[in-house]
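Every read-out reported here was derived from the displayed coordinates using simple, explicitly stated rules and does not represent laboratory data. Everything numeric here is computed off the predicted structure, so don't read it as measured data. Cβ placement follows ideal geometry from the backbone for every residue including glycine, while neighbour counts extend to all protein chains displayed.
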Amino acid sequence: MIGTIEELRGLINDAAMRRPHLTGRLEKAAFLVLLRPIERLGTDIWRVGSEDGLRFYTVKEGECECSDYLRHGSGHPCKHRIALFLHRSLENGARGPAVQKQRDRAQRDNQETITE
Ligand SMILES: [Zn+2]
């Protein structure tokens, strides 16, 4: 596992705030990140475990092969692409603005407690 649960939660909260209609799919994607294998097969080719754990979907150059993606067309944020986005964000250190903000707030709260 890369990154922390806190970072994953931060990423999801941030993305769900910006795109509320994706909240359900973001949570499914988080499930994939936590419980299914996500492996790099080559340059911008990834394999993401399916939700039922019985197969894999290949995401090549941002294009997924799942039926949801094929039905909606190019650029559709299916849960595999979202899972890959979350995975790669965590891999890159994840410290997105939302996570950092939460951390700053926590630190500030701590300082205020100390000085009181
Ligand atoms: Zn997909």
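At a Förster distance of 25 Å, what's the computed FRET efficiency of L54 paired with E6, Cβ-Cβ distance as r, to 0.05? In this case the efficiency is close to 0.25.
Amide H contacts of G3: none lie under 5 Å away among residues 5 or more positions distant or on a separate chain (H built 1.01 Å from N in the peptide plane; Pro and chain starts excluded). Count Lys and Arg as plus one, Asp and Glu as minus one, and take only other residues whose Cβ is under 13 Å from that of A30; the net charge is then 0.
Rounded to the nearest Hz, the phi-derived 3J(HN,Hα) couplings of the range 61-76 under the Karplus curve 6.51 cos²θ - 1.76 cosθ + 1.60 (θ = phi - 60°) are 6, x, 9, 9, 9, 6, 5, 4, 5, 5, 5, 8, x, 3, x, 5, where x marks glycine and proline. Here E61, E7 are placed in order of increasing Cβ neighbour count within 10 Å, fewest first, which gives E61, E7. Inter-label distance, S67 to R88: 2.7 nm, where each label sits 7 Å from its Cα along the C-beta direction.
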